[in-house]
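Report on the following structure.
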Amino acid sequence: MLRRESSELPADCIITTAEWKSAWVTLNYKKNKKKKIPNQIPEKVPTLDTVIKWIAQLGGWLGRKGDGEPGVMSIAKGWQRIESGAMMWETMNDQCKKPTTDESCG
């Protein structure tokens, strides 16, 4: 419901930055790997509508012209796929913000 009413709302108002970045990386990694294009995560926070469609695509929604809007099942399946990636993203960022040795991350 919220996606339909507030489609231009920034995604980070509803989900974490790690979650939308995880969705983008999971969706685009194989595409970019085949084309040998470096992964460039968007700097600007995408809209809620865009991120929900990314998540639904990961859950099996094809997004063709006549497919209509993503349903609950495809969003739920996609959400399951991004959760572990989001946890890893947060863990990696925490490690880089607080290095355990004198060396910096990256």
| request: Calculate, for GLU90 and GLU8, the FRET efficiency according to 1/(1 + (r/R0)^6) with r their C-beta to C-beta distance and R0 35 Å; round to the nearest 0.05. | output: 0.85
| field | Computed lengthening from LYS77 to ILE41, 0.36 nm per intervening residue step minus Cα-Cα distance | value | 10.7 nm
| field | Packing-based exposure ordering (other Cβ within 10 Å, fewest first) of THR91, THR50, THR17 | value | THR91, THR17, THR50
| remark: Final fewest-first order of ILE14, ILE55 on the 10 Å Cβ neighbour count is ILE14, ILE55
| task | Give me LYS53, LYS65 ranked fewest to most by other Cβ atoms within 10 Å of their Cβ, as a rough exposure proxy. | result | LYS65, LYS53
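Every number here is computed from the coordinates shown, using simple stated rules; none is lab data. All values derive from a computational prediction rather than experimental measurement. Neighbour counts are summed over all protein chains in view; Cβ atoms, including those assigned to glycine, are modelled from backbone coordinates with ideal geometry.
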